[in-house]
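Let me begin by presenting the structure, written as structure tokens, before commenting on it.
Laboratory data are not the source of any read-out in this text; all were calculated from the coordinates shown. Everything numeric in this text was worked out from a predicted model, so none of it was measured. Note that each Cβ is placed from the backbone with ideal geometry, even for glycine, and that neighbours are counted across all protein chains shown.
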Amino acid sequence: MLVRFNDRSGFPVFGTSRGLPVSSLRRELDRLFGDLERAPTFAALSTPSVSFADSGEALTLRAELPGLSEKEIEISVTANVLTVKAARKVEAPEGYAVHRRERQGFSFTQSYELPARIDPDKVQASLKQGVLTLTLPKAVEAQPKRVSVSATA
Amino acid sequence: MHKQNQEKTRPAREVTPNVDIFENDTELLVVADVPGLDPNDIGVHVDLPEFRIEAKVQGSPDKPVVYTRTFRIDERIDAERVRAEYNNGVLRVHLAKSAAFRPRRIEVQSS
């Protein structure tokens, strides 16, 4: 079993030597050091991690949304605003006792003002293993244009 | 623990995934948020007294991400009967309890 967790949250199972003060002290120390050993996790999923990139021709958004299916994500775009809406609930499976819950549910609505005009009809979205990738091709007038330098004699 | 003195030269971002841990009569269930992986890149290692989840995100445009999380387990887990599934970026590992540690219902007989 997961030794770290046989602390005061009191597992119903395997509850054996609970009586001795020495063992309870040891349990307590195990618990404290167990917590220290863990690397800190920053801002759990209350706001999913989102990043933007600009490739010149298109903007791309990458958002980590583990545990969501396509139907639970709503995306809307205009020429310069992107709105992403996603929510997840984290529920304990039926018939199981809970030992630890770090995964959080979230309800997330975020609008982004885009740094360039995009073509809303050409936006593509894909969800793969909990990662949402949006490709937002820029509008023709916002595409980079190559200016050739002409040499004058 | 033993990894802390190791020099960190890998340019990867190391992430400790959030997990939920559940238990019923027959198994422990560990659920971890590890988005963006190829199932082939997920390592679930049972090496008593350790149980370790290790996975690397390949081909991400940013710095590669490495997820690691280690737990201590003991002989009450049957190391041969650990199975894992990965769906929508969520990893679920089922750790079956050894037969001797599963609760058993004893029939009371009247004489």
- Interchain or long-range residues, amide H under 5 Å from A:VAL81's placed H: A:LEU114
- When each of A:LYS89/A:LYS138; A:LYS138/B:LYS56; A:LYS89/B:LYS97; A:LYS89/A:LYS122; A:LYS128/B:LYS56; A:LYS145/B:LYS63 is checked by Cα-Cα distance, pairs over 25 Å: A:LYS89/A:LYS138; A:LYS138/B:LYS56; A:LYS89/B:LYS97; A:LYS89/A:LYS122; A:LYS145/B:LYS63
- Average beta carbon contacts from partner chains per residue of B:99-108, 10 Å cutoff: 1
- Using amide H atoms built 1.01 Å from N in the peptide plane, name the residues 5+ places from A:LEU59, or on other chains, whose amide H lies under 5 Å from its own. A:LEU136, A:LYS138
- Considering only DSSP beta bridges with both partners in chain B, what is the antiparallel share in %, to the nearest 5? 90
- Note on the structure: Note, the range A:143-152: 3J(HN,Hα) by Karplus (6.51, -1.76, 1.60, θ = phi - 60°), whole Hz, Gly/Pro = x, goes 5, x, 10, 8, 9, 8, 8, 9, 7, 10
- Note on the structure: Note, the range B:83-89: 3J(HN,Hα) by Karplus (6.51, -1.76, 1.60, θ = phi - 60°), whole Hz, Gly/Pro = x, goes 9, 9, 9, 10, 8, 6, x
- Could you work out the local net charge near B:VAL44, counting Lys and Arg as +1, Asp and Glu as -1, over the other residues with Cβ closer than 10 Å to its Cβ? +1
- Cleavage-rule hits, GluC sites (Glu not before Pro), the range B:35-85, DSSP coil, Cβ neighbours within 10 Å at most 13: B:GLU75
- Residues whose modelled amide H sits under 5 Å from the amide H of B:ASP38, counting only those 5 or more places away in sequence or on another chain, are B:GLN58
- Task: Inverting the mean 1/r over all pairs of different Cα atoms, compute the Kirkwood radius of the range A:50-141 and quote it in Å.
- Result: 14.6
- Fraction in percent of alpha-carbon pairs per bin - 5 Å, the range B:43-109: 4, 14, 20, 19, 14, 10, 8, 5, 3, 2, 1, 1, 0, 0
- Query: Going through the range A:53-93, which trypsin sites (Lys or Arg not before Pro) have at most 11 other Cβ atoms within 10 Å and a DSSP loop state?
  - Reply: A:LYS89
- Query: Can you give the charge dipole size of the range B:13-100 about its Cα centre, rounded to the nearest 20 debye, using +1 on the beta carbon of Lys and Arg and -1 on the beta carbon of Asp and Glu?
  - Reply: 180
- Which loop-located trypsin sites (Lys or Arg not before Pro) does the range B:54-111 contain, where loop means any DSSP state but H, G, I, E or B and the Cβ has at most 13 other Cβ atoms within 10 Å? B:ARG104, B:ARG105
- Note on the structure: Rounded to the nearest 0.05, FRET efficiency between A:ARG117 and B:LYS63 (Cβ-Cβ, R0 30 Å) equals 0.50
- Neighbourhood net charge (14 Å Cβ-Cβ; Lys/Arg +1, Asp/Glu -1) for B:TYR86: -1
- Neighbours of A:LEU65 by Cβ distance under 9 Å: Lys/Arg at +1, Asp/Glu at -1, summed charge -1
- Any idea how far the Cα center of the range B:52-111 sits from the one of the range A:50-100, in Å? 26
